[in-house]
Amino acid sequence: MEMKKLIDSMKSFYHNKKLHTKFAVTHLFITTVPMAFLFFFFHGKLYDMVLADTLRREQSASAMIIPQINSLTNQIIDIQKQLDGHPFYRQFSGSHERGTYDLDFYSPQADLFQNFAEDMVDGKFISNIRIYIDLPETFPALSDESVNQLFQPLKEAKGTYWHGIFQGDRSLNSLFCPTFYLSPTEARQLGDMAYISRKTFYFDNVSHDCYTAIYFYRFPFDDILKNNLTADTKVAYIINARDSTVAASDDKLSGIYHFSYGQVHDFFMSSNSLIVKQSISQNVYAAFYPIGKADWFMVAVIPVKAITHKSFLILLGFFFIYLLCILVAFLIANRLSRSITNRISSVISQMASVRTEPPSAIETSKYNDEIGNLIDTYNYMVQSMNRLMEQKKQAAEELRIQEFHSLQAQINPHFLYNTMDMINWLARGGQNEKVSDAIVNLSRFYKLTLSRKQSISTLSDELEHIKIYIRLQNMRYHDIIYLICDLPDFMMDCPIPKLTLQPIVENSILHGLLEKTPKGGTIVITGWTDRDDAVILISDDGVGMDSQTLDQILTGTGTSKSGTNIAVFNTHRRLQILYGEQYGLVYRSSSGKGTEVEIHVKG
């Protein structure tokens, strides 16, 4: 019995609370519980998600780096191929025996070859080209300053690291050289990297070595690595088969996180993806990518600690966001509860406005919440229902009249701008009589439009309005528009809203007659009566319109640079508002054959 009393007391306490409090508690519960579930479910998987995202972004960045590096190395190799293909170069770098006469470095062909080689040097990436040839130092071409910019005696290359590599491996024909492979003079004057290729030539029937050195700058490779580095990647660098660093986003870090070429090759062959390795007392993820035709690998290093730290920051941020969401959820729940109670009040008031007869009273609620108050208010509102409905009817009529005037005011004023521009050019041309005539017509045009406050005119005034409009247009377009009016006299006093004909005629001119080739044509205005209604027909022999445009012109969805389509739509709506939905405009048109517009108004 005591338990039942306690339950009844709790129910009574709950039911007597305001709906605002009930809804606020409910919404807060619905909002926060799912978020709490998501927080505890996903926080354990967050590290894996961060790792997967980091690896994906690193792979995407590397997918952009490798083609750029390959493009640079291919550019260098292409230059070597072009040099190999030159006729003069082939003379002394062939594999068969030649005589001294073939080494004429003063021939026109030699000059062309030197100019050809100089054109390969762009100064931005390719810095210099040198050909080191094993000829006696007394050979004239090597002692002549006009030639030795390109051709150098082999003694200039002896003692360099790259020359020692070629001497140690006679099967080696080409080599990409990092900076320390070059002599200090080469690195300082010619370029800090080089691509060396070896050829054999014969002089006095004795074989000699010839080395073609294409010098280039390292910074484009460094820039590619730096600019495409992801936020989590610590360093990216390139190593060659001799375990030398070719380029790096950071030279210091490339030394700290260095992997030997043998390790890289073995890891790549076995995994071809990111691996975890101990480096400098910490675990790192490392990815390896081969570089095209060079004996290089790109290495990208991501410390494991960075990913762990990132996941912790995300988890911490998620926790604070969760707390913020609880606060926002409480505020939203409070606001939603108020909006719900307000909407309930609105629904009650709306019920009274849609009834066709006075509603009956509702039984008084036993709870003192918002709905209980609404019921009391509803019973009071019944007494004034009829008066409110009458006021609504009067307000609707006033709204209809205001909408009519609003639509009438939307007629596009671009005609005035064009006419004033025409008058300006006539005045500049000294055509004073035409200027005077244009101003008089324009004055009469707007006098008919604006002289009376009433929105209803006569068909006679509307026709005069149209004739003035066409006269002004003919002054602008050199008399290419013909107007024929054939209406019975008894229709001239027919009442019609102002500016009913003008937007239609304007549309016929701009989108019908002026789009013909040649421009121009005829507009015919006729009319008749149909019982108590009057029908005015405006037809033209313009270009017409397709079915899609025809379907849209009276819906307000069509577009037009000049705005005439919206003016036609507004005219149609004015007539419907004034006379009823069965009145307005009826369009008929075919592409290439012209357009007809029927205007239906009350007679």
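Determine whether region 148-157 contains at least one residue that is in a loop (DSSP other than H, G, I, E, B) and modelled with pLDDT of 85 or more. Within region 148-157, one or more residues are in a loop (DSSP other than H, G, I, E, B) and modelled with pLDDT of 85 or more. Checking each residue in region 514-535 for being of a type in the set (Ser, Thr, Tyr) and under 15 Å from Gln473 (Cβ atoms) picks out only Thr522.
Of all positions in region 559-568, at least one carries a residue that is free of Cβ contacts under 8 Å to residues at least 24 places away in the same chain and open to solvent by 50 Å² or more (accessible area, probe 1.4 Å).
Taken together, the residues in region 544-558 that are surrounded by fewer than 18 Cβ atoms within 10 Å (Cβ to Cβ) and modelled with pLDDT of 90 or more amount to 0. Just one of the listed residues (Thr31, Thr73, Thr54) is buried (at least 17 other Cβ atoms within 10 Å of the Cβ) and modelled with pLDDT of 80 or more, and it is Thr73. Listed by first and then second residue, the pairs linking a residue in region 475-490 that is more than 24 Å from Ala534 (Cβ to Cβ) and modelled with pLDDT under 90 to a residue that is hydrophobic (A, V, I, L, M, F, W, C) and surrounded by 11 or more Cβ atoms within 10 Å (Cβ to Cβ), with Cβ atoms under 7 Å apart and 6 or more places separating them unless they lie on different chains, are Met475/Met422; Met475/Ala438; Arg476/Met422. Applying a threshold of 7 Å to beta carbon distances and a minimum spacing of six or more residues, or different chains, the list of pairs starting in region 129-157 at a residue that is within 24 Å of Met193 (Cα to Cα) and ending at one that is of a type in the set (Lys, Arg) and modelled with pLDDT under 60 is empty. Scan region 186-225 residue by residue and report those that are among the hydroxyl-bearing types (Ser, Thr, Tyr) and part of a loop (DSSP other than H, G, I, E, B). Listed by number, the list holds a single entry, Tyr217. Selection within region 242-262: residues that are closer than 17 Å to Phe180 by Cα and of a type in the set (Gly, Ala, Ser). The member of this set that is surrounded by the fewest Cβ atoms within 10 Å (Cβ to Cβ) is Gly255. Within region 559-571, the set of residues being at pLDDT 70 or above and either closer than 19 Å to Gly512 by Cα or in contact with an Asp or Glu (Cβ under 9 Å, 6 or more places away or on another chain) (or both) comprises Asn565, Ile566, Ala567, Val568, Phe569, Thr571.
Being touching a residue at least 60 places away in the same chain (Cβ under 8 Å), farther than 19 Å from Ile66 by Cα and in contact with a helix residue (DSSP H, G or I) (Cβ under 9 Å, 6 or more places away or on another chain): is that true of Tyr181 here? Answer is yes for this residue. Looking at region 432-543, the strands (runs of 3 or more DSSP E) lying wholly inside it that each contain 1 or more residues that are of a type in the set (Ser, Thr, Tyr) and open to solvent by less than 40 Å² (accessible area, probe 1.4 Å) sit at 456-458, 521-530, 533-540.
Please determine whether any residue of region 200-213 is within 27 Å of Arg188 (Cβ to Cβ), without any contact (Cβ under 8 Å) to a residue 40 or more places away in the chain and either among the small types (Gly, Ala, Ser) or in contact with a Ser or Thr (Cβ under 8 Å, 6 or more places away or on another chain) (or both). Within region 200-213, not a single residue is within 27 Å of Arg188 (Cβ to Cβ), without any contact (Cβ under 8 Å) to a residue 40 or more places away in the chain and either among the small types (Gly, Ala, Ser) or in contact with a Ser or Thr (Cβ under 8 Å, 6 or more places away or on another chain) (or both).
Filter region 271-313 down to the residues that are assigned to a helix (DSSP H, G or I) and either open to solvent by 70 Å² or more (accessible area, probe 1.4 Å) or within 18 Å of Asn70 (Cβ to Cβ) (or both), then identify the one that is modelled with the highest pLDDT. It comes out as Lys305. Taking residues in region 506-533 that are aromatic (Phe, Trp, Tyr), and partners anywhere that are modelled with pLDDT of 90 or more and open to solvent by less than 10 Å² (accessible area, probe 1.4 Å), the pairs with Cβ atoms closer than 7 Å and at least 6 places apart or on different chains are Trp528/Val535. Checking each residue in region 469-492 for being within 15 Å of Thr526 (Cβ to Cβ) and either touching a Pro at 6+ places or on another chain (Cβ under 7 Å) or of a type in the set (A, V, I, L, M) (or both) picks out Leu483, Ile484, Leu487, Met491, Met492.
The values are calculated or read from the model by the stated rules, or taken from the named source; none is laboratory data. As the structure is a computational prediction, the values presented were derived from the model and not from experiment. Don't worry about glycine lacking a Cβ; one is built from the backbone with ideal geometry, like all the others, and counts go over all protein chains shown. Protein only, heavy atoms only, side chains kept; ligands, DNA and RNA dropped before computing areas. Shrake-Rupley method; radii C 1.70, N 1.55, O 1.52, S 1.80 Å.
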